[in-house]
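Q: What follows is a structure written as structure tokens; I'll ask about it next.
The values are calculated or read from the model by the stated rules, or taken from the named source; none is laboratory data. Here the structure is a predicted model, which means the values were calculated and not measured. Cβ sites come from the backbone with ideal geometry, for glycine too, and all protein chains shown count toward neighbours.
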């Protein structure tokens, strides 16, 4: 079944895959109510809740690179476990959080835990997969997380419908329990193999002098910024700017979840034989096309605008499923094994920068009318396309083809 969907054989990695699925369901339960929970269960204002979350995001920016060095020293599994534990403790503490200081403190703990998770996640995926199959693995796990988010979202919808503090507290308990279950599953995951080298064989100097990887980082930043449109631009644009019904935003997220969850593997399989940098170039072109489509909705009637927004979300999701697996595989393979923690922490930093800057920037653009936001995102995608083309000329791994089969290492 997995092979028909274009996904890899799980084999003896079932515990890791199951832990990722459990973690995703728990996160999906809480994400839709992350602000509502504190508004319902505390006396804090919307500004205070938003301020605590923004402050936590800022704190996470320098934490990512620091954790990259920790991954190289003690291993990805230990950092992943620590991140899981921190998030579980933080969410459990939310049950007794009732002040701005406490909310800020525990949100920082949760955010550092999340940063630790993503800072070690790519290292483990690279370790359990083999060259030639990494697009399949990154695509599979990304699709699995999307399905988990969707299942969790359905449960959170029940809590929102009930609307009582007890119902919201049950959501937090469910998320904390999911981290405990995932932690137990991850304990049985074998540690990543040693490369026989130490970080002393390089260090941050090697990482920062790697010009092709810096270019990959910039390409990743463009992709990450475009990926923020789904959460921070489309909902506000559809409901506030265009005045569309609330169900349109729900439909946009449903389309995205279904397409990624059930189409990601098929897209990866269809990439077989394609050159990686050209896939990234196409990713940015598809993103750009989706932004043009969405911008066009502002000139139409409500009925036609609804159709155009839904079509735009389909085009947008095509860009997501094209770029995600290739970015994941390329960022892991272009890094030396003994410094992969540091290298991949830079990729996580690109996501954190985009996640910190996008909400404020998108809100500022949306306040200026229907078109500025899409012109801005169109510019981001065009820059990303130029960077992807340049990447193919300077990074050998980017000029390789997607093969979707195990490749034996060359004996040189």
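Q: Please pick out the residue among 244, 185 that is in contact (Cβ under 8 Å) with a residue 40 or more places away in the chain, outside the structural domain of residue 368 (by TED's automatic domain parsing) and either farther than 13 Å from residue 322 by Cα or outside any helix (DSSP H, G or I) (or both).
A: Being in contact (Cβ under 8 Å) with a residue 40 or more places away in the chain, outside the structural domain of residue 368 (by TED's automatic domain parsing) and either farther than 13 Å from residue 322 by Cα or outside any helix (DSSP H, G or I) (or both) holds for just one of 244, 185, which is 185.
Q: Looking for whichever is in contact (Cβ under 8 Å) with a residue 24 or more places away in the chain and over 21 Å from residue 212 (Cβ atoms) here; the options are 385, 297. Which one fits?
A: Only one candidate qualifies: 297.
Q: From 326, 314, which residue is assigned to a helix (DSSP H, G or I) and farther than 30 Å from residue 207 by Cβ?
A: 314
Q: Could you please find all residues in the stretch 358-372 being at pLDDT below 95, in a helix (DSSP H, G or I) and in contact with a helix residue (DSSP H, G or I) (Cβ under 6 Å, 6 or more places away or on another chain)?
A: Selection gives 358, 359, 362, 365, 366.
Q: Could you grab me the full set of residues in the stretch 89-140 that are touching a residue at least 60 places away in the same chain (Cβ under 8 Å) and not in a helix (DSSP H, G or I)?
A: Matches in the stretch 89-140: 95, 129, 130, 131, 132, 133.
Q: Report yes if residue 306 is modelled with pLDDT under 95 and either farther than 25 Å from residue 6 by Cα or in the same structural domain as residue 253 (by TED's automatic domain parsing) (or both), otherwise no.
A: Answer is no for this residue.
Q: Further question on the same structure: Can you find even one residue in the stretch 338-357 that is out of contact with any helix residue (DSSP H, G or I) (no Cβ under 7 Å at 6 or more places or on another chain), touching a residue at least 40 places away in the same chain (Cβ under 8 Å) and either surrounded by fewer than 18 Cβ atoms within 10 Å (Cβ to Cβ) or outside any helix (DSSP H, G or I) (or both)?
A: Yes: the stretch 338-357 contains one or more residues that are out of contact with any helix residue (DSSP H, G or I) (no Cβ under 7 Å at 6 or more places or on another chain), touching a residue at least 40 places away in the same chain (Cβ under 8 Å) and either surrounded by fewer than 18 Cβ atoms within 10 Å (Cβ to Cβ) or outside any helix (DSSP H, G or I) (or both).
Q: If you don't mind, another one. Going through 324, 341 one at a time, which residue ends up being closer than 30 Å to residue 66 by Cβ and within 14 Å of the chain's Cα centre (by Cα)?
A: 324
For every residue, the table says whether it meets (1) without any contact (Cβ under 8 Å) to a residue 60 or more places away in the chain; (2) surrounded by 17 or more Cβ atoms within 10 Å (Cβ to Cβ).
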site	(1), (2)
252	no, yes
264	no, yes
277	no, yes
282	yes, yes
290	yes, yes
301	yes, no
308	yes, yes
315	yes, yes
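Q: Condition first: on the phi > 0 side of the Ramachandran plot and out of contact with any helix residue (DSSP H, G or I) (no Cβ under 9 Å at 6 or more places or on another chain). Can you find one or more residues in the stretch 249-256 that meet it?
A: So far as the stretch 249-256 goes, no, none of its residues is on the phi > 0 side of the Ramachandran plot and out of contact with any helix residue (DSSP H, G or I) (no Cβ under 9 Å at 6 or more places or on another chain).
Q: Out of (1) under 25 Å from the mean Cα position of the chain (by Cα); (2) modelled with pLDDT of 85 or more; (3) surrounded by fewer than 16 Cβ atoms within 10 Å (Cβ to Cβ), what's the single condition that is false for residue 166?
A: If we test residue 166 against (1) under 25 Å from the mean Cα position of the chain (by Cα); (2) modelled with pLDDT of 85 or more; (3) surrounded by fewer than 16 Cβ atoms within 10 Å (Cβ to Cβ), just (1) comes out false.
Q: Which of the following residues is in contact with a strand residue (DSSP E or B) (Cβ under 8 Å, 6 or more places away or on another chain) and in a helix (DSSP H, G or I): 392, 376?
A: 392
Q: Now for a different question. Confirm whether residue 294 is surrounded by 18 or more Cβ atoms within 10 Å (Cβ to Cβ) and closer than 30 Å to residue 407 by Cα.
A: no
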